[in-house]
Amino acid sequence: MNRRDAIRRVAAVGATLALPSWAQASRIVLGQSAAFSGPAAQLGIQMNKGAKIYFDQLNANGGINGHTIELRTLDDGYEPDRCKANTEKLIKDEVFGLIGYVGTPTCVAALPLINDAKIPFFGPFTGAEALREPFSKWVFHLRASYYDETGLIVKQLTSLGLKKIAVFYQNDAYGKAGLEGVKRALKPLGLEPVALGTVERNTVDVAKAVADITPKLPDAIVQISAYKSCAAFIREARKSGYGGTFFNVSFVGTQALADELGREGRGIMVSQVMPFPFSTTTPISREYLDAVGKAGPEAQPNYSSMEGYLSAKVFAEGLRRAGRNPSRDSLVNALESIQNANFGGFRVDFSPKDHVASHFVDLSMLTEDGKVRR
């Protein structure tokens, strides 16, 4: 090696060390804080599995614009303080962006840090308005809102003549967002919830909620909580003699709820914001099921995993459009350019003034054999 080559190599090494960690060695590093333990663990586990299935497949095929993608995860147990600390660490570690966070109270705790750091925050697993208004340049939502979901639920119930609607909700920002959605949907009809009951986050202490709701004999109960507490409420309400209908929003964790209830899940309704992940009826479902099949026996199709997969896929398209040397600003501009795009039957429509990609909502029902059908 001559002196000139040696100088070039030293300079190249120095330039690499000066880059932020996410840009070194042709690698883009993303961060995810989610529940990987505790009563809401399956939400984070499945969201992460779906994203990793996509990113691993992408990396195996050479990455994107010469970059591979690494997804770093931190467990927050679905607790806001832990999520905030995790977000501080990820920002300090200079990850390029954040993806696949899970939960309203956790995301709300992280939001000020995200805006201060000016770091892209993509595809949080929440439909709360608190993450959508006021508008943030750095926050991108793939899924419809809780207002969209509860609006469809109320429309479905009232069209069937079921007007006595109660709400069982988690006593935090998530539960209150869902409750507000139900109230908004009922108000134009001259209706309001006939009874309310609450449960604390990460607990299954539902006795008081059952006592507060079931004596009012509602036609239906809308549940705004995670799968363990919703399953506990359903069991206790039925033991008390309640025979009405239960509706859940998508955040419940559909497959996790089905697994918790087993045969008792028959007839439980869940609103959905992602394509049906159990059959090949759409191109994105076929692609997803093929990827899950290749990922090994531990990977199983479900709505939460599908959401992680689609989030990773749309995020990767933003990276592709951002070019070979992406910056956070160029990624934001690239994501905003994904307008009226078709991802295998799932429409994505961002713009510089609107970072909510979809308002798609559907209904599904649990069966007694632990499955989900439309």
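Here are some notes:
- Counting only residues that are under 12 Å from the mean Cα position of the chain (by Cα) and either in the same structural domain as Asn248 (by TED's automatic domain parsing) or of a type in the set (Val, Ile, Thr) (or both), the range 107-134 holds 1 of them.
- Which listed residue is in contact with a strand residue (DSSP E or B) (Cβ under 7 Å, 6 or more places away or on another chain) and over 25 Å from Ala209 (Cα atoms), from Phe168, Phe96: Phe96
- Matching residues in the range 152-178 - criterion: being of a type in the set (Ser, Thr, Tyr) and either under 28 Å from Leu111 (Cβ atoms) or touching a Cys at 6+ places or on another chain (Cβ under 7 Å) (or both): Tyr169, Tyr174
- Set Phe125, Phe168: member being under 17 Å from Thr87 (Cβ atoms), buried (at least 20 other Cβ atoms within 10 Å of the Cβ) and touching a helix residue (DSSP H, G or I) at 6+ places or on another chain (Cβ under 8 Å): Phe125
- Strands (runs of 3 or more DSSP E) completely within the range 220-337 that count 3 or more residues being surrounded by fewer than 23 Cβ atoms within 10 Å (Cβ to Cβ): none
- Just one of the listed residues (Ala34, Ala51, Ala109) is touching a Pro at 6+ places or on another chain (Cβ under 6 Å), small (Gly, Ala, Ser), buried (at least 21 other Cβ atoms within 10 Å of the Cβ) and modelled with pLDDT of 95 or more, namely Ala109.
To keep it simple, each residue is scored yes or no on (1) in contact with a Ser or Thr (Cβ under 6 Å, 6 or more places away or on another chain); (2) in contact (Cβ under 8 Å) with a residue 24 or more places away in the chain.
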| site | (1), (2) |
| --- | --- |
| Ile213 | no, yes |
| Lys228 | no, yes |
| Ala231 | no, yes |
| Lys239 | no, no |
| Tyr242 | yes, yes |
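- Some residue of the range 180-194 being among the small types (Gly, Ala, Ser), in contact with a Lys or Arg (Cβ under 8 Å, 6 or more places away or on another chain), more than 30 Å from Ala322 (Cα to Cα) and free of Cβ contacts under 8 Å to residues at least 40 places away in the same chain: yes
- Which listed residue, of Val292, Val314, Val332, is in contact with a Lys or Arg (Cβ under 7 Å, 6 or more places away or on another chain), modelled with pLDDT of 95 or more and in the same structural domain as Leu30 (by TED's automatic domain parsing): Val332
- Qualifying residue in the range 254-275 (condition: in contact with a helix residue (DSSP H, G or I) (Cβ under 6 Å, 6 or more places away or on another chain) and closer than 27 Å to Phe96 by Cβ): yes
- Any hit, the range 187-205, residues being over 18 Å from Ser229 (Cβ atoms) and crowded, with 24+ Cβ neighbours inside 10 Å: no
- Test: residue in the range 74-83 that is small (Gly, Ala, Ser) and modelled with pLDDT under 95: no
- Scanning the range 300-318 for residues that are hydrophobic (A, V, I, L, M, F, W, C) and closer than 21 Å to Ala334 by Cα yields Leu310, Ala312, Val314, Phe315, Ala316.
The values are calculated or read from the model by the stated rules, or taken from the named source; none is laboratory data. Computed from a predicted model, the values in this text were never measured in an experiment. Ideal geometry is used to build each Cβ from the backbone, glycine not excepted, and the neighbour counts take in all protein chains shown.
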